[in-house]
Every structure is written in structure tokens, then in C-alpha cells.
Amino acid sequence: MPATPNDDAPTAGRDAADRHRVVQHLLLSVTLLSLLATVLGLLLVQRVGTTYRDGLEVTADGAAVAALGATSAEALAQDIVLLADAAGRSIDEAREFVLIASTTSNDLGEAFATNIADGVTGTSSIADDLASFIEAIERFIPGNRDSLAEDLRKLSDGLDPVPEQLRALGEQLQTSAVSLEAAAVSLDGFVTQLEQVEAGIDEARQVLVEVEALSAEVSERAQRSLDRSGTDLWLVRLLVVVLGVGFAGASIAAHRAVGLFAADAARAAARPAVAD
């Protein structure tokens, strides 16, 4: 039989060519989008890198300032601990002095109120008795002379109010001794409070030492990260470029492959079909 052209071949060829053109357009769009994504990725990396570097700088500076502040606070806490210790020793010595003063005042008060007052009373009584005895003797002595009895009487009269004054002074000294003892107890409590404060400040100082070490470590690590950030950002940029160029290259290769397939299909459709 003579060869007859296939009526469906031109239509099928046109459909295939249309599909190939659509695929080529899509691949071209993917290529353009890959390039655009690469540019946008580079811009994003630049912005993120700038923010990252700023954050590292702020972290390094802030940690350095925190370490310096912790060092200063630790030194101040150490000074306060030493001051509290010195104050505690001074107050403890003052408490001992107050206790000694309280004991001494109580002993003096008791002595004034009892022994010394009784002694003065006895002296006054003896002077009065001697005055009476001397007056009796002087009656038998002729002549006009100064009377020793009068002097003794004056001494006795002058000593009369002294025992009561001594007893009053003794009571005041004993009252002062009680007050001093109470003050010593208050000072003892104050020393205890100072010791507690000193212990708390010492614990805080240990915490400040740890904060200082941690802040110094954070500052050092942030500085090392900041030094590496330039290289890291270039690696990220290279990764974005490689991915973008890779996608774009693959899309271009696929576009050319589809073009070759479309050309082969067009040549195949242009050949006349031969029927047996």
C-alpha cells in the first residue's frame, strides 16, 4: 500500500511542543527565582550577621562590665567583712570593759553603802565620845586654851551626814552597775548580730567571686565568637551562593535538556508515518 500521512501526528507534535514550552518557562522561572533567592539570602545573611556581631559585642562588653562590677563589689564586701570583724572585736572589748566597770561599780557601791558608811559612822561616834571624855578632863585643867573637845565635836558633827551620803552614793553605784550589766548584754547581742552580718556578707562575697569568674568567661567566649563571626558569615554567604547557583544551574541544564527533547520530538513528528 502507498504511504499515507498520519492525521494525528501534527496535533500530537503541537501538544508536545506546547508542553515543552510550558516546562521551559517554568524552569526559566525557577532559575530567576533561584537567583533572586540567592541575592535575598545574601542580604539576609548580611543583616543577620550585623545583628549577630552587635549582639556579641554587647554581650562581651556587658559581661566585662559585670565582671568589673563583681570585682569591685567583692572588694567592697571584703572591706565590709574586715570592718565588721574589727567592729565586733572593739564592741567585744567594750563589753568586757563594761562588765569590769559594772563589777567595780557594784563593789564600790556595796562598800560605800555598808563598810565605808559604817566606818564613817563609827568614826563620828568615836569623835563624839572622845569629845565628851576630853571635856570631862579639861574641867580639871586650869587655864584658857583651845579645846580639843570642840574640834572633835566639830569633826563628829561634820561626819554625821556623810554615812547617808555614802549609802546614797553606794545605791547609785549599784544601780549604775545593773545598767552597765544590761548594756553589756545588749553589746553581746550586737556582737552576735555583727557576726551574723559578717557571715552573710562573706557568703555574698563568695557568690560575687563566682559571678566574676562566670562573667569573665562569658566575655571571653563572646569575644572569641566575635572574632570568628567574620569567617562564619563568609561561610554562610558561600553556602547561599552555592545553593542558589546550584539551583539556577540545574534549572538551566533542565531547560536546555527540555529544549533538546522538544527539538527531537519536533523532528520525529515531521517524519511521515508509513503504514503497512
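Here is how the numbers come out for the structure above:
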quantity	calculated
Hits in the range 104-126 - residues which are in contact with a helix residue (DSSP H, G or I) (Cβ under 7 Å, 6 or more places away or on another chain) and of a type in the set (Ser, Thr, Tyr)	SER105, THR121, THR123, SER124
Pick from the range 57-77, criterion exposed (fewer than 14 other Cβ atoms within 10 Å of the Cβ) and among the hydrophobic types (A, V, I, L, M, F, W, C), ranking: nearest to ARG228 (Cα to Cα)	VAL58
Filter pass, VAL178 being exposed (fewer than 12 other Cβ atoms within 10 Å of the Cβ) and either of a type outside the set (Lys, Arg) or part of a helix (DSSP H, G or I) (or both)	no
From ALA253, ALA248, residue being over 23 Å from the mean Cα position of the chain (by Cα) and free of Cβ contacts under 8 Å to residues at least 60 places away in the same chain	ALA253
Residue check for ARG95: in contact with a helix residue (DSSP H, G or I) (Cβ under 6 Å, 6 or more places away or on another chain) and within 30 Å of GLU220 (Cα to Cα)	no
Residue among ASP107, ASP85, ASP54 that is in contact (Cβ under 8 Å) with a residue 60 or more places away in the chain, more than 20 Å from the chain's Cα centre (by Cα), assigned to a helix (DSSP H, G or I) and loosely packed, with under 15 Cβ neighbours inside 10 Å	ASP85
Residue in the range 83-100 that is among the aliphatic types (A, V, I, L, M), modelled with pLDDT of 80 or more and farther than 27 Å from ILE201 by Cβ present	yes
Residue count for the range 110-129, restricted to those that are acidic (Asp, Glu) and free of Cβ contacts under 8 Å to residues at least 40 places away in the same chain	2
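Residues checked against (1) among the acidic types (Asp, Glu); (2) modelled with pLDDT under 80; (3) surrounded by fewer than 13 Cβ atoms within 10 Å (Cβ to Cβ); (4) not in a helix (DSSP H, G or I):
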residue	(1), (2), (3), (4)
GLU171	yes, no, no, no
LEU187	no, yes, no, no
VAL197	no, yes, no, no
GLU210	yes, no, yes, no
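The values are calculated or read from the model by the stated rules, or taken from the named source; none is laboratory data. Bear in mind the structure is a predicted one, so any value in this text is a computation, not a measurement. Here the Cβ is made from the backbone with ideal geometry for all residues, glycine too, and neighbour counts use every protein chain on show.
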